[in-house]
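Notes for the one structure printed next.
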Amino acid sequence: MHICQASDSVDVESLVVAGDLILDQYISGTVRRNAPEADVPVVEQEETEYFPGGAANVAMNLAALGTAVVLVGAVGDDEEGKRLLSLLTSANVDVSGVQVIADRPTCRKTRIIGNGRHLVRLDREVVIPIGEEQQRAALDSVRRYLPRARGMVCSDYNKGFLCESVLRSLLHEAVSLDRKVIVDPKIGDCSRYAGATVLMPNLNELRLLSGLPVVSPTDIDAAARAVLTKAHPEALLVTRGADGIVLYESNGKSSAIPGKASTARDVSGAGDSCAAAFAWAYLVCGQSLEAAAELANNAGSIAVTRLGTTIVAKSELLEAPCSGGSWKPEEALQNGRKIVSLDECLTSLNTTRGDGQIVFTNGCFDLLHAGHIEYLQKAKALGKLLVVGLNSDASVRRSKGHKRPIAPLSQRAAMLAALSCVDYVVQFEDDTPLSLIETIRPDILVKGNDYLPHQVVGRDAVLETGGRLELVPFSTQVSTSAVIQKIVDRYRED
């Protein structure tokens, strides 16, 4: 067993996705006749396609929504595993939490499609729990990444990765870190999911979890209430296929979101798209449970119209009207959230671009002090929106030395976001923010007046797009290095 290349640059706004990884293979062609040796159709093979499935599909959908995703799971040391990892990395999914297990094949589902219809599915899988060493590695990965993430999605396909001990440990870790967890359950044991914030069962999974029939709306209500009582999540999101979604909250409130009229071509992976959209809206955008459920309903309605496990793009979700009215795209993208990915920042800025009021500055902001605050307040006064580019931990180390930063990225970003003068915080990995500046295209670039104009990184890029450079004077003379030295000197005196 080995684990894919570890990463020390996980975005503070990332989500962890843990669960069973599946490679979906679609072999499609034309059927013109039946085989002479048996009464079965002969498919004239024309195309073979591969898609990530299971937790990998959830991760792909989240990445398409602009979310930094760290995937925790396992593949085999085989061609299917390599193909799956390649598909994931090409979509900017961080696979550093994925284990490669030599004696366990990658789960593969092969679907044979004839004349646009599913004819048969072939499954190659091992569903026994992963070994103790792999279980420890899974927990280690979550412990490494979850403290810096906004939350976690657990996609349980009952293929052995999220075995009982692993899932219980992951949920316990999330509770200890005060992180929300969304679980797509497969096993009919409510105690297994204790600690989950939201459970997202379909009707069959609800039946297994509750031990009750789910034929009528009254049945579904009773079963959902039973699961809320047994598992104690904050909410239960029951997906009902063409009939839409029902959200049950622990406070007794329920909301029925009707399905959308659409021709279902393939329901494979629709639940993954629902889970990803819900997680993005609820955990990343900070929307209400009802608003997130509305968006999840949209995602599922879009996904079923396509062949194969599919990606639902952010533009599709934002453009499609929601059934209820709780989901408001503009508020979701703003919503007081300040620590954002570059894609999210650009989406928000594009709604206000054109009035010459976008201000950009950057720095390490290690041990935030009065000088920083004065500087940022003056920068904000020059425009309407202040975007702060924040060096990642690795970038700070290259710039300031191996003993820095004192405060990790998550803490530095949180402190900046707490300032009313700061609108957005976007991390960058490079030694300079040049690429970030060129992409954001601010109207006003701000640095301290201890710089000369020609020394300011990004000046030419801003001037070329009609912007300007402002050098801000300091009245509060303090630096992080001086603060650190003062602390060291004081403690040496003792």
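For the reader, a short list of remarks on this structure follows.
- If you go through region 350-363 and keep only what is of a type outside the set (Gly, Ala, Ser) and surrounded by fewer than 21 Cβ atoms within 10 Å (Cβ to Cβ), you end up with ASN350, THR351, THR352, ARG353, ASP355, GLN357.
- Helices (runs of 4 or more DSSP H) wholly inside region 62-177 that include at least 3 residues being without any contact (Cβ under 8 Å) to a residue 12 or more places away in the chain and either out of contact with any Leu (no Cβ under 6 Å at 6 or more places or on another chain) or over 30 Å from GLU429 (Cβ atoms) (or both): 79-90, 132-145
- Only one of the numbered conditions (1) modelled with pLDDT of 95 or more; (2) surrounded by fewer than 23 Cβ atoms within 10 Å (Cβ to Cβ) is violated by ALA35, and that is (1).
- Filter result for PRO201 (surrounded by 22 or more Cβ atoms within 10 Å (Cβ to Cβ), under 28 Å from ALA303 (Cα atoms) and not hydroxyl-bearing (Ser, Thr, Tyr)): yes
- Here ASP189, ASP221 are screened, and the one residue that is touching a helix residue (DSSP H, G or I) at 6+ places or on another chain (Cβ under 9 Å), of a type in the set (Asp, Glu) and surrounded by fewer than 19 Cβ atoms within 10 Å (Cβ to Cβ) is ASP189.
- Enumeration of residues in region 153-198 that are over 20 Å from VAL127 (Cα atoms), more than 20 Å from the chain's Cα centre (by Cα) and either among the aliphatic types (A, V, I, L, M) or not assigned by the TED database to the domain that holds SER210 (or both): ALA194
- Near pairs, Cβ below 6 angstrom, 6+ apart or cross-chain, from region 400-421 (of a type in the set (Lys, Arg)) to any residue that is crowded, with 18+ Cβ neighbours inside 10 Å and assigned to a helix (DSSP H, G or I): ARG404/VAL396
- Some residue of region 403-422 being of a type outside the set (S, T, N, Q), assigned to a helix (DSSP H, G or I) and touching a Gly at 6+ places or on another chain (Cβ under 8 Å): no
- Of all residues in region 178-206, those satisfying the criterion of being touching a residue at least 40 places away in the same chain (Cβ under 8 Å) and small (Gly, Ala, Ser) are SER191, ALA196.
- Reported count of residues in region 199-225, each being within 26 Å of the chain's Cα centre (by Cα) and not in a loop (DSSP other than H, G, I, E, B), is 5.
- Single unsatisfied condition, VAL95 versus (1) over 30 Å from ARG150 (Cα atoms); (2) surrounded by 15 or more Cβ atoms within 10 Å (Cβ to Cβ): (1)
- Counted residues, region 178-202 - those being modelled with pLDDT of 90 or more, farther than 21 Å from ALA149 by Cα and of a type in the set (Lys, Arg): 1
The values are calculated or read from the model by the stated rules, or taken from the named source; none is laboratory data. Bear in mind that the values here come from a model prediction, so they are computed numbers and not experimental data. Every residue, glycine among them, receives a Cβ derived from its backbone with ideal geometry; neighbour counts consider all protein chains shown.
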